[in-house]
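Written out below as structure tokens is the structure these notes cover.
The values are calculated or read from the model by the stated rules, or taken from the named source; none is laboratory data. None of the values given here were measured: they were computed from a predicted structure. Every residue, glycine among them, receives a Cβ derived from its backbone with ideal geometry; neighbour counts consider all protein chains shown. When the accessible area is computed, the model is the full protein with side chains, heavy atoms only, and any ligands, DNA or RNA have been set aside. Shrake-Rupley method; radii C 1.70, N 1.55, O 1.52, S 1.80 Å.
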Amino acid sequence: MIALVRTRTLRALRAGLAEAESTAETERTEAEQHRLSATLATDSTIRAEATIETLRRALAEAQADAAGARGEVAVLATEHLLDTEDRVTLRMLLRTARRQNARADRVYVLFRYGRLHGVYATRDGAEIAAEAEGAPRDGWTSPRTCCDASAVPASEVPWRIRPVLLGGEER
């Protein structure tokens, strides 16, 4: 069978075909660009999520470090306050001892495990104060000299009384 098509219709069909092919090519190009944009967006999202996780871990570590530092600062502040309080107390006790006995040439400093416990005008006063805190009533000895090989570190001695001359020299 032979179909007859007018030339005008044939031209119109060919023009429509060319236009449809051009539109299809444009749509394919746009679709490819959209696929490329989607791929880039997916890659960016993956990188962003990885970065967020890294930052969360770093934040958690920083918070832990900060908490530890706050704890250390609190301990150091407490120690500083205790040291300052010890110095103030020692000065006050020395002034009191000087006022009470103008003729006294020494005071007796009571240490407990190497830390200042009190200052007393007499050795008996220091022993009584230590015994009131639970020190044994007997066994008090003279302090060892610096050259004694059997000397025990001050931090290991439960109670120690040390005479201190008010003029600044020890005997």
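Numbers below:
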{"item": "Test for Leu13: is it outside any helix (DSSP H, G or I) and open to solvent by 70 Å² or more (accessible area, probe 1.4 Å)", "result": "no"}
{"item": "Unmet requirement for Arg98, which otherwise passes all of (1) open to solvent by 100 Å² or more (accessible area, probe 1.4 Å); (2) free of Cβ contacts under 8 Å to residues at least 40 places away in the same chain; (3) assigned to a helix (DSSP H, G or I)", "result": "(2)"}
{"item": "Arg70 being within 15 Å of the chain's Cα centre (by Cα) and open to solvent by 70 Å² or more (accessible area, probe 1.4 Å)", "result": "yes"}
{"item": "Lone unmet requirement of (1) of a type in the set (Val, Ile, Thr); (2) modelled with pLDDT under 70; (3) not in a loop (DSSP other than H, G, I, E, B) for Ile161", "result": "(2)"}
